[in-house]
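First the structure, in the form of structure tokens, and then the observations on it.
The values are calculated or read from the model by the stated rules, or taken from the named source; none is laboratory data. Nothing here was measured: the structure is a model prediction, and the numbers come from that model. Backbone-built Cβ (ideal geometry, glycine too); neighbour counts: all protein chains shown. Heads up: the accessible areas ignore ligands, DNA and RNA and are worked out on the full protein's heavy atoms, side chains in. Shrake-Rupley method; radii C 1.70, N 1.55, O 1.52, S 1.80 Å.
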Amino acid sequence: MAMVDEPLYPIAVLIDELKNDDIQLRLNSIRRLSTIARALGEERTRKELIPFLSENNDDDDEVLLAMAEELGVFIPYVGGVEHAHVLLPPLETLCTVEETCVRDKAVESLCRIGSQMRESDLVDWFVPLVKRLAAGEWFTARVSACGLFHIAYSSAPEMLKAELRSIYSQLCQDDMPMVRRSAATNLGKFAATVESAYLKSDIMSIFDDLTQDDQDSVRLLAVEGCAALGKLLEPQDCVAHILPVIVNFSQDKSWRVRYMVANQLYELCEAVGPEPTRTDLVPAYVRLLRDNEAEVRIAAAGKVTKFCRILSPELAIQHILPCVKELSSDSSQHVRSALASVIMGMAPVLGKDATIEHLLPIFLSLLKDEFPDVRLNIISKLDQVNQVIGIDLLSQSLLPAIVELAEDRHWRVRLAIIEYIPLLASQLGIGFFDDKLGALCMQWLQDKVYSIRDAAANNLKRLAEEFGPEWAMQHIIPQVLDMTTSPHYLYRMTILRSISLLAPVMGSEITCSKLLPVVVTATKDRVPNIKFNVAKVLQSLVPIVDNSVVEKTIRPSLVELAEDPDVDVRFYANQALQSIDNVMMSG
């Protein structure tokens, strides 16, 4: 009996589960659609499952979203590309629902299916679907339609193409701003499929309408269209049609539109070419850098290095640098922060003399900024300047500021300096490092913030790797060992951490003679936290030293700790002993 009913079973279960009150069951059922389709076979999937899904009027967005996603990869289950059109009706319904993310997913799935369909099927099934959605009564259908034109257009015959262009043009003048927004967003994709003859006439007139829209949310999407269309047009057409629009947008009454221009300006420059950039876009960019809205200045400041790369150094110094000077003392900390994150990149563009004359004072003022993020952004990019002005000048001008930051009250700034130290050390060289920064590195081991102490221990390891064990033996190990008697147990913990990190770099001999005795002494510490960390460190030293040292020194210390009154100390000591046994057995 079961055998006979088997093929009917999956669809019956699916129907039951899709009508269940429990959303989780409905979701699971949708996620298993491909399995059910496989069980039903291609024909029954086409004739029963897909029609059922088309009629399924679930009201939960999560279920609908899952369904839109599943259907996008369903072509193999309905019998391949020649039957792909059966998947269009349920997705068409999903294109009209209220929830945006469901509609977006349905459009994405339709595009995926449409891009695989045969040309004749696209004309018979896909183009009519786009036309129905574009003429939909409810705005959601028209919004979805805009995202499908680029798939429908290329395979349509000439008459249909003209009709599709005119429908798109109507959508760009729709009463609902949401539809116009969607049309503006998708214009670049649609334009890329349109023949160049119609680009200038039809597409540019559509674009002009959008750029003059009364809603700023539509205009700001048209800014993105500028860059996309600019890439499709010939340079001279680009200058004639796109450039005036960009210049107007950079003075738009809505700050959101100006913000989009500031964000996209580099791409727009690429579209119009170098000459118009110099004559028309430099003044537009200068206006944006001096905009009265902080958000616009932030976006513009973040692009300053990219923009200068397009210009000659003379133009950059003449027009952009005065604005950069103003921005470095801008009233908004976020503007200064955005500038600090890119300004270092201007050094290679301007060259050595201009950097020394114009940029160094700006770097110094940003390094002394009251807002930690601004200082951080400068520190993290110092190497870009070093390549241009050389280490001597960098050290004279910037090092005092770095030393000051090393004692900054914001721990994140101190942390950034520590992380930068190894890079700085490799650039400055040993001699210079010892004079200026050596003492700082030790000082950080006794910072009040754990993250700083931890980073300082890592920093010592990286320095030992950079300058070699002999240097470390002279400059790091003695100071580290001096701190082992620190009265504060947290500092003693940091020293243990440093020893475990330095041992692999220093090698077996120094570890046995200098580091191991300190760790063994610490087994007598009165603080349990120290003792269980000793157990962990001893475990980490096992691979570095000889077996004889393990047996003579490390094992006895661990055996002693394994009998400690504190439960954690006993646990870690036993864990270390066990790992020694494992090493010995495998060795």
**Request:** Would you mind checking the tilt of helix 528-541 against the longest principal axis of the Cα atoms of the chain, expressed as 0 to 90 degrees and rounded to 10?
**Result:** 80 degrees
**Prompt:** Just how much of GLU98 is accessible, in Å², when a 1.4 Å probe is used and the result is rounded to the nearest 10?
**Reply:** 130 Å²
**Request:** Only Cα pairs under 8 Å and at least 6 apart count here; give the relative contact order of the chain as a rounded whole percent.
**Result:** 5 percent
**Complete:** Residue-normalised value, i.e. accessible area per residue, for the stretch 507-586 at 1.4 Å probe, in Å², stands at 52 Å²
**Request:** Using only protein heavy atoms and a 1.4 Å probe, report how much of ARG38 is accessible, in Å² to the nearest 10.
**Result:** 150 Å²
**Message:** Per residue of the stretch 560-577, what does 6.51 cos²θ - 1.76 cosθ + 1.60 with θ = phi - 60° give for ³J(HN,Hα)? Whole Hz please, x for Gly and Pro, Karplus curve as stated.
**Reply:** 4, 5, 5, 10, 5, x, 7, 5, 5, 4, 4, 4, 5, 5, 5, 4, 5, 4
**Complete:** Listed by chain and number, the aspartates and glutamates with an alpha carbon less than 14 angstrom from that of LYS105, same-chain partners under 8 positions apart left out, are ASP61, GLU62, GLU69, GLU70, GLU92
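Can you classify the stretch 81-221 as rounded, prolate or oblate using the Cα gyration tensor, where a ≥ b ≥ c are the square roots of its eigenvalues, rounded means a/c under 1.5, and otherwise it's prolate if a/b beats b/c and oblate if not? Display every interim value, and only then the final one.
Working: a/c = 2.10, a/b = 1.24, b/c = 1.69.
Oblate shape, in that a/c is at least 1.5 and b/c is the bigger or equal ratio.
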**Request:** Return the carbon/sulfur percentage of the accessible area of the chain, one whole number, probe 1.4 Å, all protein chains in place.
**Result:** 52 percent
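Please work out the Cα convex hull volume for the stretch 106-150 and give it in Å³ per residue.
Numbers: hull volume 2.6 nm³, N = 45.
With only Cα atoms used, the stretch 106-150 gives 57 Å³ per residue.
Rank these by accessible area, largest first, 1.4 Å probe: TYR153, TYR259.
Details: TYR153 0, TYR259 80 Å².
Putting TYR153, TYR259 in descending order of accessible area: TYR259, TYR153.
Kindly provide the helix-only [θ] at 222 nm of the chain, computed as the sum of -39,500 (n - 2.57) over DSSP H runs of four or more divided by all residues, to the nearest 500 deg cm²/dmol? Intermediate results must be reported in sequence, preceding the final value.
Numbers: 38 runs with 387 residues, N = 587.
Mean residue ellipticity at 222 nm (helix-derived): -19500 deg cm²/dmol.
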**Prompt:** Taking the stretch 459-550, which GluC sites (Glu not before Pro) meet the DSSP loop condition and have no more than 12 other C-beta atoms within 10 Å?
**Reply:** none
**Complete:** Per residue, the convex hull enclosing the Cα atoms of the stretch 538-587 spans a volume in Å³ of 58 Å³
**Request:** Once every Cα of the chain carries one equal point scatterer and solvent is ignored, give the base-10 log of I(q)/I(0) from the Debye formula at q = 0.07, 0.08, 0.12 Å⁻¹, two decimals.
**Result:** -0.75, -0.87, -1.02
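Net charge within 13 Å of SER254 by Cβ-Cβ distance, Lys/Arg positive one each and Asp/Glu negative one each, not counting SER254 itself? Before the final figure, lay out the partial values.
Numbers: positive: ARG219, LYS253, ARG256, ARG258; negative: ASP213, ASP214, ASP216, ASP252, ASP291, GLU293, GLU295.
Once positives and negatives cancel, what remains is -3.
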**Asked** How high is the FRET efficiency between ASP175 and ASP408 when r is their beta carbon distance and R₀ equals 56 Å, given to the nearest 0.05?
**Response** 0.50
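What is the extension gain from GLU234 to ASP353, computed as 0.36 nm multiplied by their sequence separation minus the C-alpha to C-alpha distance, in nm to one decimal?
Stretched fully, the GLU234-ASP353 segment lengthens by 39.0 nm.
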**Request:** Could you tell me which trypsin sites (Lys or Arg not before Pro) in the stretch 287-344 are loop residues by DSSP with no more than 15 other beta carbons within 10 angstrom of their beta carbon?
**Result:** ARG290
**Request:** Equivalent ellipsoid semi-axes for the stretch 492-587, as square roots of 5 times the alpha carbon gyration tensor eigenvalues: give them largest first, rounded to whole Å.
**Result:** 19, 17, 10
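Using a/c under 1.5 as the rounded threshold, could you call the stretch 69-140 rounded, prolate or oblate? The axes a ≥ b ≥ c are square roots of the C-alpha gyration tensor eigenvalues, and prolate needs a/b larger than b/c, oblate otherwise.
Oblate, because a/c is 1.5 or more while a/b does not exceed b/c.
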**Item:** Nearest 10 degrees, 0 to 90: helix 333-343 Cα axis against the chain principal axis
**Value:** 80 degrees
**Asked** What angle, in degrees between 0 and 90 and rounded to the nearest 10, separates the Cα long axis of helix 100-114 from the longest principal axis of the Cα atoms of the chain?
**Response** 70 degrees
